[in-house]
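Heads up: the structure comes next, in structure tokens.
Bear in mind that the values in this text are calculations on the coordinates, not laboratory data. A quick note: this is a predicted structure, and the numbers were derived from the prediction, not measured. A quick note on method: Cβ atoms are made from the backbone with ideal geometry, for glycine too, and the neighbour counts reach across all protein chains shown.
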Amino acid sequence: MFEPTTWLIWAFSFLLMAVTGTQLWLLSRQARHVSQHRAAVPSAFAQTIPLAAHQKAADYTLAKGRLSLAEVTWQAALVLGWTLLGGLNSLNQWLLSTLPSGLWQQLALVGTFALVGSLLDAPLAWYRTFRLEERYGFNRTTPKDWLLDGLKGMVVAAIVGLPIVAVVLFLMASAGTLWWLWAWGCFMAFNVLLMVIYPTLIAPLFNRFQPLEDNTLKDRVTNLMARCGFKAKGLFVMDGSRRSAHANAYFTGLGAAKRVVFYDTLLAQLSPDEVDAVLAHELGHFHHRHIRRRMVTMAVLALGGFALLGWLSGKSWFYLGLGVEPNLQGGNDALALLLFVLTIPLLTFYLSPLLAAKSRRDEFEADHFAASKADGTALRSALLKLHQDNATTLTPDPWFVWFYYSHPPASERLAKLQTA
């Protein structure tokens, strides 16, 4: 009969191999399917998408897939290195030898883990920006901006993230057996606060936001929001072209802090009718309460996660089975938190198809709402332009779509819109 520690070692190893193998298999299917359909534009798009654009999208998808193969393999190696190969244990022992055991040492462990993780991920992130995106004409970021964004991201993460980590660690140590419930409440309150302050305090650190100056477009957008019963604090244009040629529009904030943000690249690519239609799609998410439901789903999943962590953190086999020697005098809360962060993606990976399917249904509902409140034909033409300009493949593998796609493929969206 295996002891719990041995069981965990085998279960973790099997799950890591299964998840990594599934990811690599899905990526290989995607590459094969896109390659097989590269030579000809799908019949539904033959009159609207040039062959050159279709082949560029296929090549871009294949290039991203090859990089994803490296990223998946690298991430699996990192998880293995941090856990069974003793990386996290060595980092903890080193910090214990230089700092007194306690909250500050545990915060230093979390902060150092995050910093080392960022540095280990940096080479592939650099390659994605300055090789892959550059090759296909999307990157507009300079090395200086890339470095500054990384440094600012680390500073913001430390200022915003470490306090909530400190609160969670304090509750783990002092709030009794139900600490996880209190920690969950603080975590959710922090997320709500972040949604309120992000538009005005954090986002401007990385991009410039200017009020929408096109009065004609402003009137159209304002009238559309009035028809849909929606209010926002302001309409803004973000300098997305400073870093990328990709286009987007989104809502951000919560309550009175909600903002409508357009990428300048989106406004440059779409007509006023098409901008209306894209915005109506986003309004459809609010009309159908998709945002609220996603927040509830996140809250439920987070509650389950905190409850599971509350149980695991008190089991010595949880630490020993993942390559860490717990401190016999206590003070293992940061270790438990980091081990959980490393393993929870493996535990939740096979929930991805369920969450993706729900998201695709939401997108169809938002499209239907947009067709009823704006011009459905304009939404179809906008989607075609965005797919072409963003080099999104028109021929994804069905299994890859089922597992990962949060938005339906273009062929399905356009067919639904045509019937709508």
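List of remarks:
- Label separation (Leu354 vs Leu96): 3.8 nm, computed from points 7 Å beyond Cα along the C-beta direction.
- Placing R0 at 22 angstrom, the Cβ-Cβ distance between Lys416 and Tyr250 gives a FRET efficiency of 0.50 after rounding to 0.05.
- For segment 1-76, with +1 on Lys and Arg beta carbons and -1 on Asp and Glu, the positive-most of Thr48, Gly21, Gln36 along the dipole: Thr48
- Rounded tilt (10° steps) of 410-419 against the dominant C-alpha axis of the chain: 50 degrees
- Hits among lysines - C-alpha to C-alpha of Lys152 under 19 Å, sequence gap 8 or more where chains match: Lys144
- Here Lys385 is the anchor, and the lysines within straight C-alpha reach of less than 29 Å, apart from those fewer than 8 places off in the same chain, are Lys56, Lys64, Lys218, Lys231, Lys233, Lys258, Lys358, Lys373, Lys416.
- Normalised contact order of segment 215-345, rounded percent, pairs of Cα under 8 Å and 6 or more residues apart: 17 percent
- Cβ-Cβ FRET estimate between Trp74 and Ser174, R0 fixed at 45 Å, reported to 0.05: 0.75
- Between segment 199-231 and segment 334-398, the alpha-carbon center distance in angstrom: 23 Å
- In plain terms, the chain from Arg66 to Trp104 could stretch by 9.6 nm, reckoned as 0.36 nm per residue minus the Cα-Cα distance.
- DSSP-defined antiparallel bridges as percent of all bridges, the chain, nearest 5: 60 percent
- The simple spin-label model puts a point 7 Å past each Cα toward its Cβ; for Asn327 and Ala39 those points are separated by 6.4 nm.
- For the chain, a crude dipole built from +1 on the beta carbon of Lys and Arg and -1 on the beta carbon of Asp and Glu, taken about the Cα centre, is about 500 debye to the nearest 20.
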